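This report concerns only the one structure given below.
The values are calculated or read from the model by the stated rules, or taken from the named source; none is laboratory data. Being a predicted model, the structure only gives us computed values, none of them experimental. In this analysis, Cβ positions are derived from the backbone assuming ideal geometry, glycine residues included, and neighbour counts consider all displayed protein chains. Keep in mind that these areas ignore ligands, DNA and RNA; they rest on the heavy atoms of the full protein, side chains included. Shrake-Rupley method; radii C 1.70, N 1.55, O 1.52, S 1.80 Å.
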Amino acid sequence: ETGVTQTPRHLVMGMTNKKSLKCEQHLGHNAMYWYKQSAKKPLELMFVYSLEERVENNSVPSRFSPECPNSSHLFLHLHTLQPEDSALYLCASSQDKGQGYGYTFGSGTRLTVV
Amino acid sequence: GDSVTQMEGPVTLSEEAFLTINCTYTATGYPSLFWYVQYPGEGLQLLLKATKADDKGSNKGFEATYRKETTSFHLEKGSVQVSDSAVYFCALVRPSNTGKLIFGQGTTLQVKP
């Protein structure tokens with residue numbers, strides 16, 4: 001148990017589907033993050049939330065829509081995805097923004113778009 | 001901008017061999033430095049960290065020293081095991097609004113019995 005739980009672990013969806021990824025942490029952390037991990041590419045930071053407010057959006061296409069209803073939960077809503085969006089999506093949390101705090105990662109959701 | 005560069009993999013070693021994975025960084029100010037490990041099918045786990053120059057982070061036999069003069073944070077282990085086979089990521093975070101963690105591209109380590 002890493003402290004950050006992601007569901008589902010695996011997801012296969014068609015390009016016209018709508019689905020959501022869920023991330024949950026009960027570590028008392030104030031910041032949460034979505035990362036995309038594609039084969040043979042560096043991890044890409046997608047979104048940053050701090051105290052439920054989005055503080056960073058790294059030019060992510062609008063077909064990805066994050067939601068942070070409270071400091072323990074983070075969602076990534078997906079619609080009309082493309083095959084190149086297939087990747088491992090990692091959620092992470094940290095005590096706060098700023099130096100010196102490592103992130104706690106979930107195990108990820110392996111997404112395949114067909 | 002800030003960046004992290006790791007040696008390209010894969011690195012293949014025999015059990016009990018000495019491991020070094022090189023990591024250098026570019027950043028303004030005084031970042032904190034981290035090593036993360038990703039075992040097959042899992043997310044990333046924090047392996048060790050160092051928050052200021054000359055600090056040495058250590059965990060599970062792995063060590064890395066924060067060298068500001070060479071902007072490096074090389075990962076070492078004296079005797080690797082098959083169970084150490086994984087992908088290793090070097091990362092930094094510097095004081096900022098978001099505390100964004102910036103990763104290197106990862107280095108795959110394969111240890112053979």
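Give me the strands (runs of 3 or more DSSP E) completely within the stretch A:31-114, filtered to those with at least 1 residues that are within 12 Å of chain B (Cβ to nearest Cβ), at pLDDT below 90 and under 24 Å from B:GLN45 (Cα atoms), ordered by residue number.
A:31-37, A:44-50, A:53-57, A:87-94
Given the conditions (1) in contact (Cβ under 8 Å) with a residue 60 or more places away in the chain; (2) open to solvent by less than 10 Å² (accessible area, probe 1.4 Å), and given that B:LEU44 satisfies all but one, which numbered condition is not satisfied?
(1)
Out of everything in the stretch B:71-112 that is modelled with pLDDT of 95 or more and assigned to a loop (DSSP other than H, G, I, E, B), what residue ends up being farthest from the other protein chains (Cβ to nearest Cβ)?
Checking each candidate, the answer is B:SER79.
Taking the conditions exactly as written (out of contact with any Asp or Glu (no Cβ under 9 Å at 6 or more places or on another chain), free of Cβ contacts under 8 Å to residues at least 40 places away in the same chain and under 20 Å from A:GLN37 (Cα atoms)), does A:GLU53 satisfy them or not?
no
Name the one entry in A:SER71, A:SER86, A:SER94, A:SER62 that is open to solvent by less than 10 Å² (accessible area, probe 1.4 Å) and over 13 Å from the mean Cα position of the chain (by Cα).
None of the others qualify; the one that does is A:SER94.
Could you identify the single residue in B:TYR39, B:TYR88, B:TYR25 that is in contact (Cβ under 8 Å) with a residue 12 or more places away in the chain, open to solvent by 20 Å² or more (accessible area, probe 1.4 Å) and of a type in the set (Phe, Trp, Tyr)?
Exactly one of B:TYR39, B:TYR88, B:TYR25 is in contact (Cβ under 8 Å) with a residue 12 or more places away in the chain, open to solvent by 20 Å² or more (accessible area, probe 1.4 Å) and of a type in the set (Phe, Trp, Tyr), namely B:TYR39.
Tally time: how many residues in the stretch A:19-30 are loosely packed, with under 14 Cβ neighbours inside 10 Å and at pLDDT 95 or above?
0
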